[in-house]
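Q: Provided herewith is a single structure, encoded as structure tokens, for subsequent inquiry.
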Amino acid sequence: MALKRTLSLPLITFYGLGTILGAGIYALVGEVAKQAERFTPLSFLIASIIALFTAASYAELSARFPQSAGSALYVRKAFDTPWLSGLIGWVVVLTGVTSAATIAHGFANYFKLFFPISPYFSITVLVLILGGLAIWGIRESATLIMIMTIIEVSGLVLIIFYGRHSFQSLDLTHFSLPTSFNGVFIGALLAFYAYIGFEDMVNTAEETINPEKNMPLAIFLAVSITTILYLLIAWVVISVLTVQELEHISTPLVTIITKQGQSAFLFSIIALISITNGILVQIIMASRLIYGMARQENAPKLFATIYEKTHTPVYATLLVIGIILIFAYALPITTLAKLTSSIILGIFIAIHLSLIKIKCTEKKRPDSFSLPIIFPIIAIVLTLSFLGMQFFLQ
């Protein structure tokens, strides 16, 4: 039985926008600003360039192979190596759990505005509750994703509205490059985390109407809209808050609202909803992926066990919950964000190589969306350079 194609271009674009936005911008914009300071928009711009080139590879591959399974499928199509596909699958799982652990820290920062309790306690309770929901059989429809996305975007629009006066001081004629790019590049590595998610869009290819046309367009639309929102938010943050303020606050977006004499209650609720949704999505994604790999003998058979009452992979979900908590306890948010970005950059390199291999071995160019081979080649150079930054910059 095939999956039903019900996702139109607007729906899949909203789905992608919601997946990308997630909670990264809520949890990390302050950390990026601490590194890049007044050049925070430049950090987000650099991250967006890497994201757009990578989105191009995913867009073409999704048009060539409009099937679910995403990254692992593309690697298998290019190299026909089962163990490599399994490795990519486990790396994607690792990305999911580190992503969930990262935004769990963001949840703790917002939650303590209401209840000043230990962040580790709030993280533990949150992850256990969401893990229980995942075991119970929570399934998010495209409509629910759209609703959550509207809530997330409304929070960002609220920040832009309260910081709208900062755009009056925008003067690019006196713009000067930083004397040192260290902070900018470190900030860009952190900012790239906020773009992670567009690669998950391709997993809905079998449920998308006319995926050969709509999926590539939806990917570009989602990344472009996200970039505009991020650049506006970054400008507001550095215009409204001083460097000294950024050093001592963990929720800069809330501070922007309070500095305007407004209550931060509504925005904090929006942030908590966005973060909670982001963690739940990652738990479900990672546990289902482990379950699928167990069925293909790329993971212990235990994780292929389905709980009869809920028809969910209970052991795979418990494993994911445990790993998320370990990562959240052991590593600070900046380390988690860098680790997540680094892992996903490695996956992106594999995707670019897969597209190059497919292009070099094909006998004729496909009728679907296709770009010149120079695009994935440039993407590899940019991604490798970006990946190497963290090893040379302190």
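Q: Could you pull out the residue among P366, P313, P300 that is within 30 Å of A104 (Cα to Cα) and touching a residue at least 12 places away in the same chain (Cβ under 8 Å)?
A: That would be P313, the only listed residue that is within 30 Å of A104 (Cα to Cα) and touching a residue at least 12 places away in the same chain (Cβ under 8 Å).
Q: Is it the case that segment 324-333 has a residue that's of a type in the set (V, I, T), in contact (Cβ under 8 Å) with a residue 24 or more places away in the chain and touching a helix residue (DSSP H, G or I) at 6+ places or on another chain (Cβ under 6 Å)?
A: yes
Q: Here's another thing I want to ask about it. Considering only segment 300-331, state which residues are in a loop (DSSP other than H, G, I, E, B) and crowded, with 17+ Cβ neighbours inside 10 Å.
A: Of the residues in segment 300-331, the ones in a loop (DSSP other than H, G, I, E, B) are 300, 305-306, 308-311, 313, 331.
Selection gives P313, L331.
Yes/no per residue for (1) β-branched (V, I, T); (2) within 24 Å of G197 (Cα to Cα):
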residue	(1), (2)
I323	yes, yes
P332	no, yes
D367	no, no
L384	no, yes
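Q: Would you confirm, using the coordinates I've provided, whether L266 is over 17 Å from the mean Cα position of the chain (by Cα) and in a helix (DSSP H, G or I)?
A: Yes.
Q: Looking at segment 54-71, can you tell me whether even one residue there is crowded, with 16+ Cβ neighbours inside 10 Å, of a type in the set (A, V, I, L, M) and not in a helix (DSSP H, G or I)?
A: yes
Q: Would you mind telling me which numbered condition in (1) assigned to a helix (DSSP H, G or I); (2) out of contact with any Phe, Trp or Tyr (no Cβ under 7 Å at 6 or more places or on another chain); (3) of a type in the set (G, A, S); (4) closer than 16 Å to I25 by Cβ A218 fails?
A: (4)
Q: Also, I was wondering about something else. Taking the criterion of being out of contact with any Ser or Thr (no Cβ under 6 Å at 6 or more places or on another chain) and within 30 Å of A294 (Cα to Cα), would at least one residue in segment 36-47 satisfy it?
A: Checking segment 36-47: not a single residue is out of contact with any Ser or Thr (no Cβ under 6 Å at 6 or more places or on another chain) and within 30 Å of A294 (Cα to Cα).
Q: Further question: Only residues that are modelled with pLDDT of 85 or more, at negative phi and not aliphatic (A, V, I, L, M): list them for segment 67-80, please.
A: Here is the first cut: in segment 67-80, the ones modelled with pLDDT of 85 or more are 74-75, 77-80.
From what is left, the residues that are at negative phi are 74-75, 77-79.
The answer is Y74, K77, F79.
Q: Right, something else. Only one residue in I349, I333, I358 is among the β-branched types (V, I, T), more than 19 Å from I46 (Cβ to Cβ) and at pLDDT 80 or above. Which one?
A: Just a single option satisfies the conditions, and that option is I358.
Q: Taking segment 85-100, which residues are farther than 19 Å from T335 by Cα, surrounded by fewer than 18 Cβ atoms within 10 Å (Cβ to Cβ) and either in contact with an Asp or Glu (Cβ under 9 Å, 6 or more places away or on another chain) or touching a residue at least 24 places away in the same chain (Cβ under 8 Å) (or both)?
A: W90
Q: What residue, among those in segment 233-258 that are assigned to a loop (DSSP other than H, G, I, E, B) and within 23 Å of the chain's Cα centre (by Cα), is farthest from Y162 (Cα to Cα)?
A: S250
Q: Separate question: Filter segment 94-117 down to residues that are touching a Ser or Thr at 6+ places or on another chain (Cβ under 9 Å) and more than 16 Å from K338 (Cα to Cα), then give me how many there are.
A: Residues meeting the conditions: 9.
Q: Follow-up. Can you pull out every residue in segment 183-207 that is β-branched (V, I, T), under 14 Å from the mean Cα position of the chain (by Cα) and part of a helix (DSSP H, G or I)?
A: V202
Q: Further, regarding this structure: Taking only segment 101-131 into account, find how many residues are touching a residue at least 24 places away in the same chain (Cβ under 8 Å) and not in a helix (DSSP H, G or I).
A: So in segment 101-131, the residues touching a residue at least 24 places away in the same chain (Cβ under 8 Å) come out as 101-107, 109-111, 113-114, 120, 123-124, 126-128, 130-131.
Still in the running and not in a helix (DSSP H, G or I): 113-114.
The qualifying residues number 2.
The values are calculated or read from the model by the stated rules, or taken from the named source; none is laboratory data. All figures in this text were calculated on a predicted structure; none of them were measured in a lab. Heads up, the Cβs are rebuilt from the backbone with ideal geometry, glycines too, and the neighbour counts pull from every protein chain shown.
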